[in-house]
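The block underneath contains the structure these notes are about, expressed in structure tokens.
The values are calculated or read from the model by the stated rules, or taken from the named source; none is laboratory data. Computed from a predicted model, the values in this text were never measured in an experiment. A quick note on method: Cβ atoms are made from the backbone with ideal geometry, for glycine too, and the neighbour counts reach across all protein chains shown. The protein model used for the area step is the full one, side chains on, heavy atoms only, and it has no ligands, DNA or RNA in it. Shrake-Rupley method; radii C 1.70, N 1.55, O 1.52, S 1.80 Å.
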Amino acid sequence: MIEVRHLSKKYGELHALEDISLTVNDGDIVCLIGPSGSGKSTLCRCIHGLETPENGEVFLDGELLDSKKKSHYIQQRKKMGFVFQHFNLFNNKTVLENCMLAQVASGIDKAEAEETSKMYLNKVGLSDKYHSWPSQLSGGQKQRAAIARALCMNPEVMLFDEPTSALDPEMIKEVLEVMKDLGRQGMTMIVVTHEMGFARKVGNRVVFLDSGKIIEENTSEEFFANPETDRAKDFVSKVFYE
């Protein structure tokens with residue numbers, strides 16, 4: 001579904017990504033893990049088009065994501081839902097209005113957009129929050145609303161950029177449960193995460209990055225049970241301790 005070829009990204013003299021190549025198949029749940037500053041979020045944002053790499057290409061469904069072909073590029077990007085670390089809800093709109101906004105802007109009838117929004121808000125457990133303001137929601141509820149908003153555009157793949165890092169520990173589980181349900185329904189997902197339990201139990205593939213490079217890639221089971229590189233072994237020993 002997604003193919004990344006030789007992607008590189010710099011911020012000044014910092015190499016955020018160096019020659020990254022990656023394939024994500026239909027139905028995969030790929031977890032991007034590694035230490036802070038390893039390039040996980042940058043890779044996720046480059047895939048979606050929120051960042052522009054210096055070199056490399058991203059293909060979706062076999063087609064190049066080419067920003068020079070503006071109208072086609074916009075249509076391609078709509079196939080990818082993006083969930084941010086800090087929710088990015090509009091505070092002056094209700095939860096329902098937040099979910100309807102992009103749909104209506106893309107030409108969907110308002111009544112249809114409302115019906116779709118309610119359906120996905122129900123799926124993430126927010127059927128009683130249609131008319132609430134973001135300021136009235138807990139962090140976990142805000143993130144679930146953000147997931148519903150992304151799903152309203154009927155994406156083929158969902159990208160999550162550390163979706164639980166801004167949440168209190170008690171609220172993390174409710175967001176991860178929604179993501180687990182999406183996985184069980186067959187949604188293709190790329191997840192930047194520090195939640196190793198989620199990566200091990202829910203993800204089917206792990207991509208371990210450090211210093212802007214892919215150090216190791218494997219099934220989740222094999223990566224955590226038998227990491228191959230010394231760097232990955234050191235990382236796993238520190239995140240899973242007795």
Strands (runs of 3 or more DSSP E) within segment 2-70 that include 1 or more residues surrounded by fewer than 16 Cβ atoms within 10 Å (Cβ to Cβ): 2-11, 14-24, 55-60
Of the residues that make up segment 149-163, is at least one surrounded by fewer than 23 Cβ atoms within 10 Å (Cβ to Cβ), farther than 29 Å from K110 by Cβ, at pLDDT below 95 and not charged (D, E, K, R)? no
Residues of segment 198-210 satisfying the condition of being assigned to a helix (DSSP H, G or I) and either surrounded by 14 or more Cβ atoms within 10 Å (Cβ to Cβ) or in contact (Cβ under 8 Å) with a residue 60 or more places away in the chain (or both): F198, A199, R200
Can you pull out the residues in segment 53-68 that are charged (D, E, K, R) and under 24 Å from K10 (Cα atoms)? E54, E57, D66, K68
Kindly list, by first and then second residue, each pair from a residue in segment 89-109 that is within 12 Å of L121 (Cα to Cα) to a residue that is of a type in the set (S, T, N, Q) and surrounded by 16 or more Cβ atoms within 10 Å (Cβ to Cβ), limited to pairs with Cβ atoms under 6 Å and residues at least 6 apart or on different chains. L96/S117; C99/S117; M100/S117
Would it be correct to say that K213 is among the basic types (K, R) and either buried (at least 21 other Cβ atoms within 10 Å of the Cβ) or within 20 Å of D19 (Cα to Cα) (or both)? yes
Go through the residues of segment 192-215 one by one and say whether even a single one is within 19 Å of N88 (Cβ to Cβ) and of a type outside the set (G, A, S). yes
Set Q75, Q85: member being under 16 Å from the mean Cα position of the chain (by Cα) and surrounded by fewer than 18 Cβ atoms within 10 Å (Cβ to Cβ): Q85
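Residue-by-condition table, conditions (1) outside any helix (DSSP H, G or I); (2) in contact (Cβ under 8 Å) with a residue 24 or more places away in the chain; (3) exposed (fewer than 14 other Cβ atoms within 10 Å of the Cβ); (4) among the hydrophobic types (A, V, I, L, M, F, W, C):
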{"site": "S117", "(1), (2), (3), (4)": "no, yes, no, no"}
{"site": "L126", "(1), (2), (3), (4)": "yes, yes, no, yes"}
{"site": "H131", "(1), (2), (3), (4)": "yes, yes, yes, no"}
{"site": "K142", "(1), (2), (3), (4)": "no, yes, no, no"}
{"site": "A146", "(1), (2), (3), (4)": "no, yes, no, yes"}
Write out, first by first residue and then by second, each pair whose Cβ atoms fall under 7 Å of each other, whose residues are 6+ apart or on separate chains, and whose first residue, in segment 214-234, is within 21 Å of H6 (Cβ to Cβ) and in contact (Cβ under 8 Å) with a residue 60 or more places away in the chain while the second is basic (K, R) and assigned to a helix (DSSP H, G or I). I215/R231
Find the residue count for segment 94-114, including only residues that are more than 23 Å from the chain's Cα centre (by Cα), part of a helix (DSSP H, G or I) and loosely packed, with under 14 Cβ neighbours inside 10 Å. 3
Search segment 171-186 for residues that are on the phi > 0 side of the Ramachandran plot and pair each with any residue that is in a loop (DSSP other than H, G, I, E, B) and open to solvent by 30 Å² or more (accessible area, probe 1.4 Å) when their beta-carbon atoms are under 6 Å apart and the residues are at least 6 apart or on different chains. G186/G27
